[in-house]
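First comes the structure, then the notes that go with it.
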Amino acid sequence: EYKSELKFLNKKGKEIDISEFTMPYTEVDVLVPVNQSKTVNVVAQFANVPEAYKTATISHTLSHQALEIEGTKEALNKIDVLLLDPIDFKEISPENSTFKIKLNLPTGVTSTNGVTEIEVKIDMSGYSSKTLNVSDFKIINQKGSVSAETAYKSVTVVGPKSVISQITGKDIFIECDM
């Protein structure tokens, strides 16, 4: 908080003599909120991760590894790391491996350099995708007279090239939970 004497200026910025005026106040209290800043790491998150990848590191790069953010001391104290919204593993493929994730900063917190999104590039070298026709359907929990018709279904699988090159439609089955 800061006390300041009132001064009146004309439109050219020159001070006006107010000796002929009566003013109820000659000083004002000015409160200037001061923001603080800090640098925090940016962390990508993933959803629907297959069991084989839950303990492994998913190789990726970020357009910004860390960001300087600013805001009130109280708001910044609540932020240790910037967690990005999760990337759905079902959306990742060799053809679709770069994602732009919008930053979700708390109210009153901003990026000091104006960054509003982070680009996440997933390393898909050594991976491929393959679309297979699957005809093996397993029906489970079928109740009463409920029936299901089965036909071919196209399924796209993504994985290491050495594994994907060996897979055929006969290696995969579709489980239908009725």
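From the list (1) 10.6; (2) 12.5; (3) 21.0, can you say which value of mean projected area of the Cα convex hull in nm² was derived from the structure given?
Correct label, based on the coordinates given: (3).
What full-extension length gain, to one decimal in nm, is calculated for E70 and K170 as 0.36 nm per residue of separation minus the Cα-Cα distance?
On the way: separation 100, 0.36 × 100 = 36.00 nm, distance 5.58 nm.
Separation in residues times 0.36 nm, less the Cα-Cα distance, equals 30.4 nm.
Cβ under 13 Å from N35's Cβ, N35 left aside: what net charge do those residues give with Lys, Arg +1 and Asp, Glu -1? Don't skip to the answer; put the middle values down first.
Numbers: positive: K38, K73; negative: E68, E70, E74.
Net of charged neighbours comes to -1.
Once you charge only the Cβ atoms, +1 for Lys and Arg and -1 for Asp and Glu, what is the size of the charge dipole of the chain about its Cα centre, to the nearest 20 debye? Could the numbers behind the result be given before it?
On the way: 19 positive and 24 negative charges, 120 e Å.
Result for the chain is approximately 580 debye, rounded to the nearest 20.
Between S37 and D136, what is the label-to-label distance in nm when each label sits 7 Å out along the Cα-to-Cβ direction?
About 5.9 nm, to one decimal.
Taking each pair of distinct Cα atoms in segment 71-139 once, what is the resulting Kirkwood hydrodynamic radius in Å? All intermediate terms of the calculation are to be shown ahead of the outcome.
Values: mean 1/r = 0.0640 Å⁻¹.
One over the average 1/r among Cα pairs gives 15.6 Å for segment 71-139.
Where does the charge balance sit around I69 when Lys and Arg score +1, Asp and Glu -1, over other residues with C-beta under 12 Å from its C-beta? Kindly include the intermediate steps, with their values, before the conclusion.
Numbers: positive: K38, K78; negative: E68, E70, D80.
Result for the neighbourhood of I69: -1.
What nm value, rounded to one decimal, do you get for the distance between F89 and L6 when each label is placed 7 Å out toward the C-beta?
Spacing of the two 7 Å Cα→Cβ label points: 6.7 nm.
Excluding D85 itself, what net charge comes from residues whose Cβ is under 12 Å from its Cβ, given Lys and Arg +1 and Asp and Glu -1?
Details: positive: K100, K102; negative: D88, E117.
Residues close to D85 contribute a combined charge of 0.
What part of the accessible area of the chain, given as a whole %, is carbon or sulfur when the probe is 1.4 angstrom? If you can, show how the numbers build up before the last one.
Numbers: 6470 of 13200 Å².
Roughly 49 percent of what the probe reaches on the chain is carbon or sulfur.
How many angstrom separate the Cα center of segment 115-178 from the Cα center of segment 28-53?
36 Å
Using the heavy atoms of the protein chains and a 1.4 angstrom probe, tell me the accessible area per residue for segment 44-178 in square angstrom.
Working: 9010 Å² over 135 residues.
With the other protein chains kept in place, segment 44-178 gives 67 Å² per residue.
The values are calculated or read from the model by the stated rules, or taken from the named source; none is laboratory data. The model shown is predicted, which means the values in this text are computed figures rather than measured ones. Quick reminder, even Gly has a Cβ in these numbers, built from the backbone with ideal geometry, and neighbours come from all protein chains shown. Accessible surface areas use protein heavy atoms only, side chains included; no ligands, DNA or RNA. Shrake-Rupley method; radii C 1.70, N 1.55, O 1.52, S 1.80 Å.
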